Amino acid sequence: MGGQLLSAAWTAGITIVIVFVGIVGMGFWMLARRKRSGKDPGALGSLHKRANILLVRVDDAVKNAEDELGFAIAQFGEVKSQEFDSVLTRARSQLREAFSLQQKLDDAYTDSDTQKREWNRRIIHLCESAQAALDEQEKSFARLRALEKNAPENLAAVRSAISAFDTRLNASLEIFAALVRRYDASAIATVADNVTRAKKERAGAVHDADRAGTLIVAPSSGAGKTASNVDASDLIRSAGEHAYRAQKLLDAI
């Protein structure tokens with residue numbers, strides 16, 4: 001009889017252990033499943049916190065960008081600031097949508113976890129997209145300001161390139177004359193008009209460089225811009241392109 005009681009107790013104990021292990025295992029499995037599917041309450045809370053942080057940051061970024069756009073228009077004109085204006089308008093629209101979703105999350109109505117996840121993810125996407133676009137515009141105008149700040153040095157570099165072209169021109173003319181004496185016209189047809197074209201490019205470089213120089217010396221006469229809203233940095237860049245093409249035409253000879 002004692003043996004039967006001991007056996008029954010042993011069996012009951014084993015059963016309890018098995019049931020306990022099963023319950024614990026099921027608990028861990030359900031927890032892991034919730035985390036994998038994104039339904040973990042902690043994960044949802046983190047998602048909501050991140051959305052709120054980004055929303056505050058982008059709200060500040062839009063306000064700062066409004067001031068920055070005003071500075072850009074004053075410095076570079078409305079034409080160059082059009083893209084910035086468009087990006088800011090789109091960012092405002094994205095921000096309004098994000099705030100609307102946040103209001104849905106904060107209202108008195110009970111939302112499902114699925115809705116909460118979708119709306120928080122949408123807020124994050126909207127904020128990240130707006131922030132990236134605004135950051136790119138600020139970087140673009142920072143580069144423009146750097147070009148304007150370094151305009152005298154950049155203009156000097158262009159004038160140096162023009163001088164280097166002038167130094168090479170006579171030698172290139174002699175080389176071309178030798179080619180004419182030595183080869184048939186068909187053999188040198190690809191470079192036959194290179195000197196003429198190079199001189200035209202040089203003239204374009206000088207023209208734009210002189211206009212840029214005028215704006216740099218007396219920026220107050222037109223706020224640093226020509227009547228066509230072209231500023232010194234535009235002209236210097238154009239002059240540099242002309243000078244580069246002129247050099248390449250001589251290189252071909």
Does the range 114-130 hold any residues that are polar (S, T, N, Q) and under 18 Å from the mean Cα position of the chain (by Cα), and which are they?
S129
Test G224 against the criterion of being modelled with pLDDT of 90 or more and open to solvent by less than 40 Å² (accessible area, probe 1.4 Å), and give yes or no.
no
Evaluate the following for I162: is it assigned to a helix (DSSP H, G or I) and in contact with a helix residue (DSSP H, G or I) (Cβ under 6 Å, 6 or more places away or on another chain)?
yes
Per-region count, the range 146-179, residues without any contact (Cβ under 8 Å) to a residue 60 or more places away in the chain and surrounded by 15 or more Cβ atoms within 10 Å (Cβ to Cβ):
1
Criterion: surrounded by 13 or more Cβ atoms within 10 Å (Cβ to Cβ) and either of a type in the set (K, R) or under 34 Å from the mean Cα position of the chain (by Cα) (or both) - qualifying residue of R182, R143, R96, R202
R202
Quick check on the range 122-130. Is at least one of its residues under 23 Å from Q103 (Cβ atoms), surrounded by 14 or more Cβ atoms within 10 Å (Cβ to Cβ) and without any contact (Cβ under 8 Å) to a residue 24 or more places away in the chain?
yes
What's the total number of residues in the range 104-118 that are out of contact with any Asp or Glu (no Cβ under 7 Å at 6 or more places or on another chain) and in contact (Cβ under 8 Å) with a residue 40 or more places away in the chain?
3
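The values are calculated or read from the model by the stated rules, or taken from the named source; none is laboratory data. Note that the structure is predicted; figures quoted are calculated from it, not measured. We place every Cβ from the backbone using ideal geometry, glycine too, and count neighbours over all the protein chains shown. Remember, those area values only see protein heavy atoms, side chains included, never the ligands or the DNA or RNA. Shrake-Rupley method; radii C 1.70, N 1.55, O 1.52, S 1.80 Å.
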